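Asker: I'd like to ask some things about the structure below.
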Amino acid sequence: MIKEYRRVLAIIAVLIFFTNLAVYLSFPDVASVPPLYFIISFATLAGPICLSRGSFALARRSPIITWCYAFMMVSAVWLLVQQTPSETAWQAMRTRVLSVFVLLILLYVFCDENAQRWARRAILCAVIMAVAINLYELFHPLTFSMVKGRSAGLYYNPNQCGAALVLGMIMSIGLLRQRYRLCFVFIIGLGVVLTVSRGAIVSWCVVLLSMVLNGQISLKRSLVFAVAILASMTALVTFQWDRVQYELTDIGVLNKDISQRIESFVNPQDFAGDDSAAQRKEVLNGAWEMFADRPIWGYGVAASRDWGYEISSHNQYLSLMVDHGILGFFILPLIVLATIWRARGTARQIGSSFAAFILCWGFFSHNVLEEYYILLSFSLIASMSLLSNLDQSLENLRFVRTASPLTLPNPANL
């Protein structure tokens with residue numbers, strides 16, 4: 001009964017948090033239901049699991065628990081020593097507390113192999129659906145996305161949609177046979193390209209390389225199948241490109257912003273002509289100057305948001321460095337390390353690709369530690385790493401107990 005209940009909770013967690021449904025329903029033009037309601041409801045459902053002695057004893061072995069304590073301590077100390085913290089600072093602190101709460105609740109739920117398996121299956125379905133929605137939104141712009149010409153689905157923000165697709169690819173690719181994996185990666189890549197998010201496209205390339213190097217993708221076993229599918233899709237697009245291009249231009253998808261993004265990505269020399277890129281460069285310079293002024297202690301919680309720019313730095317490392325000084329640079333790498341600590345087998349493969357993505361994505365987003373689909377990924381992979389390490393320890397202990405005395409070394413000969 002407990003295993004079945006965990007399975008249901010795992011699927012619900014993916015439905016609410018990974019698909020971004022909790023945030024999407026909070027928009028005024030959708031339902032105006034705050035995400036906090038979903039978090040409280042899910043925490044109530046997960047209460048029996050979280051309060052059980054077995055789950056608590058197992059989950060507390062994860063190093064990510066230590067990271068959560070340290071992160072909350074650093075945030076609280078820096079907030080208390082700030083001179084008259086602004087409302088933005090207090091709001092950022094509440095967001096950090098809520099993020100840690102969600103991270104821990106999901107960690108307790110996923111501390112079971114059956115729950116992990118069903119969560120990954122649900123994520124596989126979620127990313128396939130997200131790609132389909134992105135294709136639909138290509139010809140029906142602004143159905144979900146806040147930017148015309150860029151698909152986003154339930155994530156509303158195209159950059160977040162691209163990141164979620166890459167994360168879903170990382171966690172679900174192991175459910176497929178080797179011959180289908182490269183094709184699956186290219187399908188996810190299509191969904192990422194439709195978001196026109198440069199950070200997501202670069203991260204997708206980094207993850208693809210990581211998967212090839214760690215053995216998750218075998219080019220010998222999947223390349224022929226993937227090339228055949230891609231050739232068919234390319235031929236179809238080529239024959240119909242004139243009609244498609246005319247239709248996309250007519251409905252405003254191929255607009256100035258999209259053209260600038262494509263040109264700056266294909267030809268880096270045109271980077272200066274991209275308005276979005278120029279704006280990001282400006283805020284990055286501003287964040288770096290703030291860090292250079294106070295490199296030891298920083299300016300305090302949310303200093304990189306409560307400043308003279310309309311947007312934040314779009315860089316998680318710099319945002320935390322502006323807030324906490326040089327210590328802030330290590331916050332993101334440390335949670336990645338805690339997540340994949342001593343992972344074995346499949347968890348190690350997934351963890352290495354996940355680490356490559358998060359460390360790369362931190363250069364393109366300042367919301368890595370706040371967005372729910374990323375928090376769910378941290379919890380799921382941390383629980384997989386924990387159980388894989390325990391399984392290895394039990395296997396070693398079983399080997400020692402069953403070893404024949406004849407195979408053990410003689411202490412007198414040592």
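The values are calculated or read from the model by the stated rules, or taken from the named source; none is laboratory data. Here the structure is a predicted model, which means the values were calculated and not measured. Quick reminder, even Gly has a Cβ in these numbers, built from the backbone with ideal geometry, and neighbours come from all protein chains shown. SASA here: full protein model, heavy atoms, side chains in, ligands and nucleic acids out. Shrake-Rupley method; radii C 1.70, N 1.55, O 1.52, S 1.80 Å.
Per-residue answers, yes or no, for (1) surrounded by 14 or more Cβ atoms within 10 Å (Cβ to Cβ); (2) at positive phi; (3) within 25 Å of the chain's Cα centre (by Cα):
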site	(1), (2), (3)
Lys281	yes, no, yes
Gly286	yes, no, no
Glu289	no, no, no
Ala292	no, no, no
Val301	yes, no, yes
Trp307	yes, no, no
Ser312	yes, no, yes
Gln316	yes, no, yes
Ser319	yes, no, yes
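Asker: Restricting to segment 135-162, what's the tally of residues that are assigned to a helix (DSSP H, G or I) and either among the aromatic types (Phe, Trp, Tyr) or more than 30 Å from Val224 (Cβ to Cβ) (or both)?
Answerer: 10
Asker: Let me ask something additional. Looking only at residues in segment 188-199 that are assigned to a helix (DSSP H, G or I) and in contact (Cβ under 8 Å) with a residue 60 or more places away in the chain, which one is surrounded by the most Cβ atoms within 10 Å (Cβ to Cβ)?
Answerer: So, considering only residues that are assigned to a helix (DSSP H, G or I) and in contact (Cβ under 8 Å) with a residue 60 or more places away in the chain, the one surrounded by the most Cβ atoms within 10 Å (Cβ to Cβ) is Thr195.
Asker: Additional query: Specify the residue that is farthest from Phe291 (Cα to Cα); the eligible residues are those in segment 321-360 that are open to solvent by 40 Å² or more (accessible area, probe 1.4 Å) and of a type in the set (Gly, Ala, Ser).
Answerer: Gly345
Asker: Just one of Ser210, Ser172, Ser203 is in contact with a Cys (Cβ under 7 Å, 6 or more places away or on another chain), assigned to a helix (DSSP H, G or I), open to solvent by less than 30 Å² (accessible area, probe 1.4 Å) and not β-branched (Val, Ile, Thr); which is it?
Answerer: Values: Ser210 fails: in contact with a Cys (Cβ under 7 Å, 6 or more places away or on another chain); Ser172 fails: in contact with a Cys (Cβ under 7 Å, 6 or more places away or on another chain).
From the options Ser210, Ser172, Ser203, the qualifying one is Ser203.
Asker: Right, here's the next one. Looking only at segment 17-63, count how many residues are more than 24 Å from Trp341 (Cα to Cα) and either without any contact (Cβ under 8 Å) to a residue 40 or more places away in the chain or not in a helix (DSSP H, G or I) (or both).
Answerer: Number of matching residues: 21.
Asker: What number of residues within segment 40-57 are at pLDDT 95 or above and of a type in the set (S, T, N, Q)?
Answerer: Count: 2.
Asker: Now, a different point. Picking from Ser388, Ser404, Ser365, which residue would you name as being over 30 Å from Met93 (Cα atoms), modelled with pLDDT under 95 and open to solvent by less than 30 Å² (accessible area, probe 1.4 Å)?
Answerer: It is Ser388.
Asker: Something else about it: Any chance you could count how many residues in segment 171-198 are in contact with a Gly (Cβ under 7 Å, 6 or more places away or on another chain) and either of a type outside the set (Val, Ile, Thr) or more than 19 Å from Arg150 (Cβ to Cβ) (or both)?
Answerer: Summing the residues that are in contact with a Gly (Cβ under 7 Å, 6 or more places away or on another chain) and either of a type outside the set (Val, Ile, Thr) or more than 19 Å from Arg150 (Cβ to Cβ) (or both) in segment 171-198 gives 1.
Asker: Condition first: among the charged types (D, E, K, R), modelled with pLDDT of 90 or more and over 16 Å from Gln82 (Cα atoms). Can you find one or more residues in segment 265-285 that meet it?
Answerer: Checked against the condition, which is being among the charged types (D, E, K, R), modelled with pLDDT of 90 or more and over 16 Å from Gln82 (Cα atoms), segment 265-285 yields no hits at all.
Asker: Just to be sure, is Val185 of a type in the set (Val, Ile, Thr), under 18 Å from Gln160 (Cβ atoms) and either open to solvent by 20 Å² or more (accessible area, probe 1.4 Å) or modelled with pLDDT of 90 or more (or both)?
Answerer: For Val185, the condition - of a type in the set (Val, Ile, Thr), under 18 Å from Gln160 (Cβ atoms) and either open to solvent by 20 Å² or more (accessible area, probe 1.4 Å) or modelled with pLDDT of 90 or more (or both) - is not met.
Asker: I've got another one for you. Would you point out which residue out of Gln260, Gln178 is more than 24 Å from Val368 (Cα to Cα), at pLDDT 75 or above and within 27 Å of the chain's Cα centre (by Cα)? Give the steps one after another, and end with the answer.
Answerer: Values: Gln260 fails: at pLDDT 75 or above.
On inspection, the qualifying residue turns out to be Gln178.
Asker: Look through Tyr37, Tyr5 and report the one residue that is of a type in the set (Ser, Thr, Tyr), open to solvent by 40 Å² or more (accessible area, probe 1.4 Å) and modelled with pLDDT of 95 or more.
Answerer: Tyr37
Asker: Follow-up. Which condition number does Thr66 fail, the rest of (1) farther than 30 Å from Ala152 by Cβ; (2) of a type in the set (Ser, Thr, Tyr); (3) under 23 Å from the mean Cα position of the chain (by Cα); (4) buried (at least 16 other Cβ atoms within 10 Å of the Cβ) being met?
Answerer: (4)
Asker: If a residue must be more than 19 Å from the chain's Cα centre (by Cα) and either of a type in the set (S, T, N, Q) or exposed (fewer than 15 other Cβ atoms within 10 Å of the Cβ) (or both), how many such residues does segment 73-110 contain?
Answerer: Number of matching residues: 15.
Asker: Also, quick follow-up: Can you tell me which residues in segment 134-168 are surrounded by fewer than 20 Cβ atoms within 10 Å (Cβ to Cβ) and closer than 16 Å to Tyr373 by Cβ?
Answerer: Correct list: Tyr156 only.
Asker: Another question, then. Any residue that is at pLDDT 95 or above, of a type in the set (A, V, I, L, M), over 17 Å from Ile65 (Cβ atoms) and part of a helix (DSSP H, G or I) - is there at least one of those in segment 335-354?
Answerer: yes
Asker: Could I ask something else about it? Somewhere in segment 79-87, is a residue farther than 23 Å from Leu124 by Cβ and touching an Asp or Glu at 6+ places or on another chain (Cβ under 9 Å)? Write out each step before concluding.
Answerer: Of all residues in segment 79-87, those farther than 23 Å from Leu124 by Cβ come to 79-87.
Still in the list and also touching an Asp or Glu at 6+ places or on another chain (Cβ under 9 Å): 86-87.
For segment 79-87, residues farther than 23 Å from Leu124 by Cβ and touching an Asp or Glu at 6+ places or on another chain (Cβ under 9 Å): present.
Asker: Just the residues that are part of a helix (DSSP H, G or I) and in contact with a Lys or Arg (Cβ under 8 Å, 6 or more places away or on another chain), please, taken from segment 78-134. Steps first, answer last, please.
Answerer: Residues of segment 78-134 that are part of a helix (DSSP H, G or I), as a first pass: 78-81, 87-110, 113-134.
Listed by number, the residues that qualify are Thr88, Ala92, Val109, Asn114, Ala115, Trp118.
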